[in-house]
1. Relative contact order of the chain, please, whole-number percent, based on alpha carbon pairs below 8 angstrom and at least 6 residues apart.
2. Between Tyr8 and Phe36, what is the FRET efficiency for a Förster distance of 22 Å, r being their Cβ-Cβ separation, to the nearest 0.05?
3. Hey, can you rank 180-187, 193-200 by average C-beta count inside 10 Å, highest first?
4. Under a point spin-label approximation (7 Å from Cα along Cα-to-Cβ), what is the Val308-Ser138 distance to one decimal in nm?
5. Given H placed 1.01 Å from N in the peptide plane, which residues other than close sequence neighbours of Met143 have an amide H under 5 Å from its amide H?
6. Kindly identify the chain as rounded, prolate or oblate by the Cα gyration tensor criterion: order the square roots of the eigenvalues as a ≥ b ≥ c, call it rounded if a/c is under 1.5, otherwise compare a/b with b/c, prolate if a/b is larger, else oblate.
7. Mind ordering 228-234, 170-176 by average Cβ neighbours within 10 Å, highest first?
8. Before rounding to the nearest 500, sum -39500 (n - 2.57) across all DSSP H runs of length at least 4 in the chain and divide by the residue total; then give [θ] at 222 nm in deg cm²/dmol.
Amino acid sequence: MANILIRYGFLALLVALVVFFSVATSGFASPQAAVFIFQSVAITGILALGVTATLVVGGFDLSIGSVATSAMMAAAYAMIVLQQNAFVAVIFCLAIGALVGLVNGLIIVYMRVPDLLATLGMMFLLLGLQRIPTEGRSIAAGMTMPDGSTAQGTFSPAFMAIGRHRFDFFLPDLVPVSVVVLLILAVLIWFFLEYTRFGRMMYAVGSNPRAAELAGAPVKAYKIWAYIISGVFASIGGILLAARLGRGDIASGNNLLLDAVAAALIGYAVLGASKPNAFGTAIGALFVGVLLQGLTMMNVPYYTQDFVKGAVLVIALIFTFSLSGRTAR
């Protein structure tokens, strides 16, 4: 019985939530509401998949939220201020994510700084750095620059389509691009971690780095690559956020870190995995989206939603690990 609860208890809770909100609120069960939930968690889910890569190797990345907002600001700056096209802006943002991930990995692996401290320091560094070019102001078309000049660039239609275009799926204009990107990245990282030698070695490094090193695995390289993956995924989230908003808003990414971490940690409880995994992270992001959307539609005050989300996270993890510990004994 305990094994059944461990494997399917969280999925049963997710289904129960969907049924409850469908009955308690009007419109929750509609296709439009479902797509809105997916869209609301798309960016969070992408960041959470990046966090999962670092959790797999026994690390943790607290800088993902600031990487995403930095990428958003960089995309806006490249097109609005530097008047570059969408391709240049996207490559610029991806390079920023990869560079931040590389620096995080090098500091953690070679400088032996604990991952939480290293990525926390990077988070604060990026939060300050992204505000310097505009003296703390958001970036929008026609804005006045610190030197008094007016920004002449605009967001290109191709870039805006990344965040605002919708595909037809049974209904016209139903599925946003960000949802498609999330699904593609989730499948790719799931396949990469579960079915490639590189991914399996990352799990081995996270489980027992000493044993992996004795077996000849380049442990340091695997850890560094995990943080590069996290940085790139965070920058993809920032690109989608910039394309959705049509501006570089310095305050728009405030909750990205907490929601992404919650989704990644909830993944431990999915199917009794008790380990970081891409499938569980995707389900965790969906769970967070269903919970917050349902609470919003029930007019639950916004200031209580983080409490409810945190309580569910703690209960899910305690439930999973306590039961798995008992079955192991």
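Read-outs: derived from the displayed coordinates by stated rules, not from any lab. What you see is a predicted model; the values in this text were computed from it and never measured. Positions of Cβ are generated from backbone atoms using ideal geometry, with glycine treated the same way; all protein chains shown enter the neighbour counts.
1. 33
2. 0.25
3. So the peptides 180-187, 193-200, ranked by packing, come out 180-187, 193-200.
4. 2.6
5. Ala151
6. Oblate is the answer for the chain, as a/c is 1.5 or above yet b/c matches or exceeds a/b.
7. Answer by packing, highest mean first, reads 228-234, 170-176.
8. -23500 deg cm²/dmol
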